[in-house]
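What follows is one structure encoded as structure tokens, with my remarks underneath.
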Amino acid sequence: MEPELTAGFLKWTSETLHGWGVGDSLLRACATLLTAGTILICAWLLFYALTRYVIPAIDRLISHTEAKWDDVLFNPRLLRVVAELACVLLLQTFLPPSLALYPTLLTITSLTFRILIVCVIVHLVNRFLLALYELIESSSSGRASSLKGIRQMLQVISVSVGVIIIISILADKNPLTVITGLGAAATVLMLVFKDSIMGVVAGVQLTLNDMLRPGDWITVPARNINGTVLEVGLTTVKVQNFDMTIVTVPPYSLVSESFQNWRGMSDSRGRRINRSVTIDVDSVSFCDRRTIDSLKEEDWWGDLDPEAQHVNLTLFRRYLEHYISRLPELKTNDNMIYMVRELAPTPQGIPLELYFFTSLTSWKPYELFTASVTDHVLAAVHRFGLRVYQAPSSRDIAMLAEGLRQS
């Protein structure tokens, strides 16, 4: 129907121009120009009406709805590409028949608009994928943010399919035939783009297995990385270290190597404290009566028999467990235990380890709280007649030498 409409308009234009006295030498060119110009003006008017009136009307309509998904999926940028597609389809339908008097120009125009339609459709698909990604990202906390690599991969696939279709149009071949022909060059392409292909596969693996998200705190000792993930892309992962430097690392290195993700700590809202002090073995002994009398009235003593013999290190461990249990920052739910234990003796002494979790997960509050607990342990150790091991310093050696000289 459409070609007949254009042909009828072209014929009417030719007859009208002939009636106006246009000569046969200019008749074909003038009729073709007027018909093609009219179609181009109609396409421009359609695009103008869609972008100036229809799209703003749709935007105002969806802004009054309670749902948020339509605001993202029907955003003006996506609708503008739809308007472009509508105009290109209009031109593809009506413009080539208007060039029927010029077969060569008709062939070139038809070929150009077929390629243009493919390009606009690829653009529309990419816009839709971007809108879908923004919709998922706006409706979730962090899981969707790591889907950027998947979105980029789908966009690359859509562009690749579009390129194959365009090649098939230019070569006047079936797209499957073009794909078969490209298979012979696949080996060379895989060698040339080996790193990119490995990065794409690793990026997809990181995303699908939920191994990494933007906002995660990761440490990669092999690459001196210790910071927050800014972006998980298709071929790169961007990390901002705590010294404010930004590091980009290929995804396949994170898959092939080991890295530590602290997201579990953030999700559980509890961070482990694991500190130890080394007790001098020579200071471990049974408590005398004066020490027991000074300690038995305290809350942590509990049901211990004050008449029995007690080792000062045992009492110190009991005291520290009671001290930790009264800390308001202590976190004990979700199988988070706390304890004070002795490790195997070393040449430096007996390591006494404090193991517990705190609700302070931010860096500075966590470090300040850990330091205050350690300070308390060091200050309380002397009450039990214990000493913390410390390697001799140059000052100790100098004092020893001075004492030997005086003796």
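The values are calculated or read from the model by the stated rules, or taken from the named source; none is laboratory data. Owing to the predicted nature of the structure, the values given are computational and were not obtained by experimental measurement. Positions of Cβ are backbone-derived with ideal geometry, glycine not excepted, and every protein chain shown enters the neighbour counts.
Report whether or not V72 is crowded, with 16+ Cβ neighbours inside 10 Å, closer than 29 Å to D216 by Cβ and out of contact with any strand residue (DSSP E or B) (no Cβ under 6 Å at 6 or more places or on another chain).
yes
Look at R77 and say whether it is touching a residue at least 40 places away in the same chain (Cβ under 8 Å) and surrounded by fewer than 16 Cβ atoms within 10 Å (Cβ to Cβ).
Spelling it out, R77 is indeed touching a residue at least 40 places away in the same chain (Cβ under 8 Å) and surrounded by fewer than 16 Cβ atoms within 10 Å (Cβ to Cβ).
Please work out which residue is surrounded by the most Cβ atoms within 10 Å (Cβ to Cβ), limiting yourself to region 202-212 and to residues that are of a type outside the set (S, T, N, Q) and closer than 10 Å to V255 by Cα.
Filtering first and then ranking leaves G203.
Which of the residues belonging to region 331-343 are crowded, with 16+ Cβ neighbours inside 10 Å and out of contact with any Phe, Trp or Tyr (no Cβ under 6 Å at 6 or more places or on another chain)?
The answer is V340, and nothing else.
Considering every residue within region 178-190, establish whether at least one is at pLDDT below 75 and either within 24 Å of L124 (Cβ to Cβ) or not assigned by TED's automatic domain parsing to the domain that holds E231 (or both).
For region 178-190, residues at pLDDT below 75 and either within 24 Å of L124 (Cβ to Cβ) or not assigned by TED's automatic domain parsing to the domain that holds E231 (or both): present.
Yes or no, residue by residue, for (1) among the hydroxyl-bearing types (S, T, Y); (2) under 32 Å from the mean Cα position of the chain (by Cα); (3) not in a helix (DSSP H, G or I):
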{"residue": "G37", "(1), (2), (3)": "no, no, no"}
{"residue": "P56", "(1), (2), (3)": "no, no, no"}
{"residue": "T65", "(1), (2), (3)": "yes, yes, yes"}
{"residue": "D70", "(1), (2), (3)": "no, yes, no"}
{"residue": "V82", "(1), (2), (3)": "no, yes, no"}
{"residue": "A86", "(1), (2), (3)": "no, no, no"}
{"residue": "Q92", "(1), (2), (3)": "no, no, no"}
{"residue": "L101", "(1), (2), (3)": "no, no, yes"}
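Each row is one residue, and each column tells you yes or no for (1) at pLDDT 85 or above; (2) surrounded by fewer than 16 Cβ atoms within 10 Å (Cβ to Cβ); (3) closer than 23 Å to I121 by Cα; (4) aromatic (F, W, Y).
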| site | (1), (2), (3), (4) |
| --- | --- |
| D24 | no, yes, no, no |
| T51 | yes, no, yes, no |
| A57 | yes, yes, no, no |
| S63 | no, yes, no, no |
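Matching residues to (1) surrounded by fewer than 16 Cβ atoms within 10 Å (Cβ to Cβ); (2) modelled with pLDDT under 75; (3) of a type in the set (D, E, K, R):
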{"site": "S158", "(1), (2), (3)": "no, no, no"}
{"site": "G162", "(1), (2), (3)": "no, no, no"}
{"site": "S168", "(1), (2), (3)": "no, no, no"}
{"site": "V192", "(1), (2), (3)": "yes, yes, no"}
{"site": "D195", "(1), (2), (3)": "yes, yes, yes"}
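Considering every residue within region 101-121, establish whether at least one is at pLDDT below 80, over 30 Å from V229 (Cβ atoms) and not hydroxyl-bearing (S, T, Y).
yes
Taking only region 358-367 into account, find how many residues are at pLDDT 90 or above, farther than 13 Å from P328 by Cβ and surrounded by 12 or more Cβ atoms within 10 Å (Cβ to Cβ).
1
In region 253-300, what residues are of a type in the set (F, W, Y) and either part of a strand (DSSP E or B) or free of Cβ contacts under 8 Å to residues at least 40 places away in the same chain (or both)?
Within region 253-300, F286, W300 meet the criteria.
Kindly indicate the residue of region 207-234 that is hydrophobic (A, V, I, L, M, F, W, C) and in contact with a Lys or Arg (Cβ under 9 Å, 6 or more places away or on another chain) and also modelled with the lowest pLDDT among those meeting that condition.
So, considering only residues that are hydrophobic (A, V, I, L, M, F, W, C) and in contact with a Lys or Arg (Cβ under 9 Å, 6 or more places away or on another chain), the one modelled with the lowest pLDDT is L234.
Could we say that P306 is in contact with a Lys or Arg (Cβ under 6 Å, 6 or more places away or on another chain) and not in a helix (DSSP H, G or I) here?
Considered against the rule, which asks whether it is in contact with a Lys or Arg (Cβ under 6 Å, 6 or more places away or on another chain) and not in a helix (DSSP H, G or I), P306 comes out as yes.
Please state which one of M336, M244 is within 28 Å of S362 (Cα to Cα), in a loop (DSSP other than H, G, I, E, B), hydrophobic (A, V, I, L, M, F, W, C) and without any contact (Cβ under 8 Å) to a residue 12 or more places away in the chain.
The unique qualifying residue is M244.
Yes or no, residue by residue, for (1) farther than 21 Å from I164 by Cα; (2) touching a Phe, Trp or Tyr at 6+ places or on another chain (Cβ under 9 Å); (3) crowded, with 17+ Cβ neighbours inside 10 Å:
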residue: L91; (1), (2), (3): yes, yes, yes
residue: P96; (1), (2), (3): yes, yes, yes
residue: Y102; (1), (2), (3): yes, no, no
residue: T112; (1), (2), (3): no, no, no
residue: I115; (1), (2), (3): no, no, no
residue: V122; (1), (2), (3): no, no, yes
residue: V125; (1), (2), (3): no, no, yes
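Which pairs do you get when a residue that is over 16 Å from R318 (Cβ atoms), found in region 363-388, comes within reach of a residue that is assigned to a helix (DSSP H, G or I) and polar (S, T, N, Q), reach meaning Cβ atoms under 7 angstrom, with the pair 6+ apart or on two chains?
As it stands, the answer is R387/S283, since those pairs meet every condition given.
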